[in-house]
1. In segment 1-150, what percentage of the DSSP-assigned beta bridges are antiparallel, given to the nearest 5?
2. Tabulate in residue order the Karplus-calculated ³J(HN,Hα) for segment 36-49, using 6.51 cos²θ - 1.76 cosθ + 1.60 with θ = phi - 60°, rounded to whole Hz; enter x for Gly and Pro.
3. Out of residues 5 or more away from Asp96 or on other chains, whose amide H comes under 5 Å of its own, with H placed 1.01 Å from N in the peptide plane?
4. Pick from Ala56, Ala129, Ala19: which residue has the top mean-square fluctuation in a GNM of the chain where Cα pairs under 10 Å get a spring?
5. So if I restrict to the alpha-carbon atoms in segment 1-135, what is the Rg, and what is Dmax, the biggest pairwise distance, in Å?
6. Can you list the HN-Hα couplings for segment 77-83, worked out from phi with the Karplus curve (6.51, -1.76, 1.60; θ = phi - 60°), rounded to whole Hz and with x for Gly and Pro?
7. Suppose all protein chains stay in the model; what accessible area per residue would a 1.4 Å probe give for the chain, in Å²?
8. In whole Hz, what ³J(HN,Hα) sequence does segment 8-22 give by Karplus (6.51, -1.76, 1.60; θ = phi - 60°), x for Gly and Pro?
Amino acid sequence: RAVFLGRLDAQKGLERLAATIAATRDFVDWRVAGKPILTGAPPAFGVPIEPPAGSAAEIDAILAWADILYLPSRFEGVPLTILEAQRLGCVPVATDVGAVAEIVRHGEDGWLLPGQAPDAAVVQAAVAALRALDADRGLLGRMSAAAAARLATARWEDTMREWMAWLECAA
């Protein structure tokens, strides 16, 4: 089971999402939750669009349903959706853009897709990743456990230590 949870805007790679859903509907159960904020109507996904989550409990319920969070973004900073997913053992399959690689260890607690590749290459890599995780449920389970473990021990102080030291030196 895979979910896209977020703004339904061009930045999020919606054409990639639609093409990936179309290519994997025979073996992936999909959910899409969100709404457009910055741009017009999203492309047709072939699955119903659920309203955006309105609370932390609703986010948790959507992510707890899913095995995989799919985020084919064109650009990002650090997507909080990935951290929320990992906390619940939901494995992110996401493009390697912005700071995504700082919170996803490819093959360990998530799967990184080529970030700046053409859409067709991103979709092809996503389909291959989803097929691999579907075929090897042990790998999916290990990645899920690693994602949950990583977030269970994450502390703000540890994450920000280097940056805070740099600030102290710069002052």
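The values are calculated or read from the model by the stated rules, or taken from the named source; none is laboratory data. Source: prediction; values computed, not measured. We work out accessible area using only protein heavy atoms, side chains counted, and drop any ligands, DNA or RNA first. Shrake-Rupley method; radii C 1.70, N 1.55, O 1.52, S 1.80 Å.
1. Details: 0 of 16 bridges.
If I count the DSSP bridges inside segment 1-150, around 0 percent turn out antiparallel.
2. x, 10, 9, 10, x, 4, x, x, 6, 9, x, 9, x, 8
3. Amide H neighbours of Asp96, under 5 Å, 5+ apart: Leu113, Gly115.
4. Highest fluctuation of the listed residues: Ala56.
5. 13.2, 37
6. With the stated coefficients, segment 77-83 comes to x, 10, x, 4, 4, 5, 4 Hz.
7. Details: 8610 Å² over 171 residues.
With the other protein chains kept in place, the chain gives 50 Å² per residue.
8. 9, 10, 3, 3, 7, x, 5, 5, 5, 4, 4, 5, 5, 4, 4
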